[in-house]
1. One-quarter of the Cα convex hull surface for segment 68-164, in nm²?
2. Under 30 Å between alpha carbons, and skipping anything fewer than 8 positions from K161 in its own chain: which lysines qualify?
3. Between R125 and E148, how many nm apart are label points set 7 Å from Cα along the C-beta direction?
4. What distance in nm lies between label points placed 7 Å from Cα along the C-beta direction at Q110 and S155?
5. Given points 7 Å out from each Cα along the Cα-Cβ axis, report the E141 to A163 separation in nanometres with one decimal.
Amino acid sequence: MFSRVLSRAVAVRTVGRRFESTLKVGDTTVASRPAAPKPKKRPIGGFRGGVVGFLLGVTSAGALGFVYLIDEYQKATSLVLGSVAELEKSSLQVKNHVQKIEAVERTLEQLKRNTPTVQQLQQARADWRKQNDILTPDHLELKAHVWELEQDVESVLKRSKSAK
């Protein structure tokens with residue numbers, strides 16, 4: 001133990017010089033080498049550790065926040081695209097319904113142009129009654145004439161049967 005203490009004492013004295021020497025203390029020989037200068041240890045202080053921890057925390061929180069933001073953006077974008085697709089589908093349906101309504105309106109206008117009015121119907125009914133009044137006596141006369149002819153034909157047929 002004494003030799004260790006002695007070697008340290010010598011090493012402390014010879015820090016500035018670099019050489020090797022051997023000391024004789026009694027019968028023991030001790031080789032001494034100068035020790036290399038030790039680097040100064042910087043203590044990791046609370047402030048420097050706090051700053052590093054803060055920066056590490058801010059960076060990781062920022063990265064996680066960015067990932068969360070991107071994920072939410074993608075979800076919102078997919079919802080908007082879904083809504084746009086539904087809106088397009090419903091607008092096509094509305095467009096088809098409007099086209100059907102326009103076709104029905106055109107047909108209705110055409111029917112309005114081609115259908116007679118109440119006044120025209122009354123005039124047509126009056127004309128028909130006049131024609132019917134004119135034709136009915138003529139029809140009755142023709143009917144009576146045909147009946148007379150049938151009677152004449154029957155009498156001729158009866159005479160021809162009886163003459164045989």
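Every number in this text was worked out from the coordinates using simple rules, so none of it is lab data. All of these numbers come straight from a predicted model, not from anything done at the bench. Positions of Cβ are backbone-derived with ideal geometry, glycine not excepted, and every protein chain shown enters the neighbour counts.
1. 16.1 nm²
2. Once the sequence-local lysines are set aside, what remains near K161 is K143.
3. 3.8 nm
4. 6.3 nm
5. Result: 3.3 nm between the two label points.
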